[in-house]
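For reference, the structure is listed below as structure tokens.
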Amino acid sequence: MYDILIGTQKAEENDIGKGWNVMSKEIMTGNEAVARGAYEAGCHVAAAYPGTPSTEILENIGARYTSSIYSQWACNEKVAAEIVSGASIGGARALCAMKHVGMNVAADPIFTIGYAGVNGGLVIVTADDPGCHSSQNEQDTRMVARAAQLPVLEPSDSAEAKEFMKLAFE
């Protein structure tokens, strides 16, 4: 899903006028918006296992925000969840991204961190795949989060994805 995110920036001297604020538009995918939201929220560590439709989250973090966010591909979703759990227990804000079937692989650390707690802030992004466009099954990860007693934020567009990332870290 694509949406338009609107922000302000200072106009250049050759633009409309000196010192004027003009609106600029940037089109972002949901994955780009999640990466941007993590950056704006002060995320320090991100780990993921590649799997469409969530692969582009860590790719965007690695391409755009490496000066602020340490990012790492993991050998599976469980290891990615353990990396970010350790970082968050140590006080860093951390993000883990995976597709919905990966949440099954990462269930042990996800359920454990749900009752053990964190110190820095931890966001787990799961990309469900309604209609099985790139997966072998459909799964509603909201039910998994409910069983793990974890809160769920469900953005309806890219703008919400970016804003919900900031909210999730609070």
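The values are calculated or read from the model by the stated rules, or taken from the named source; none is laboratory data. Owing to the predicted nature of the structure, the values given are computational and were not obtained by experimental measurement. Methodologically, a virtual Cβ is constructed for each residue, glycine included, from the backbone with ideal geometry; neighbour enumeration extends over all protein chains shown. Surface areas here come from the heavy atoms of the whole protein model, side chains and all, with no ligands, DNA or RNA. Shrake-Rupley method; radii C 1.70, N 1.55, O 1.52, S 1.80 Å.
A compact table of results
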| quantity | calculated |
| --- | --- |
| Percent accessible area from carbon and sulfur atoms, region 28-170, protein chains only, probe 1.4 Å | 51 percent |
| Mean Cβ count within 10 Å, highest first, over the residues of peptides 86-96, 111-121, 155-165 | 86-96, 155-165, 111-121 |
| FRET efficiency for R142 and W73, using Cβ-Cβ distance with R0 set to 25 Å, rounded to 0.05 | 0.45 |
| Separation in nanometres of the label points that stand 7 Å from Cα toward Cβ, at D157 and I27 | 1.4 nm |
| Simple spin-label estimate for E40 and T52 in nanometres, 7 Å along Cα-Cβ | 2.8 nm |
| Principal axis dimensions, region 49-157 - Cα atoms, whole angstrom, descending | 37, 33, 28 |
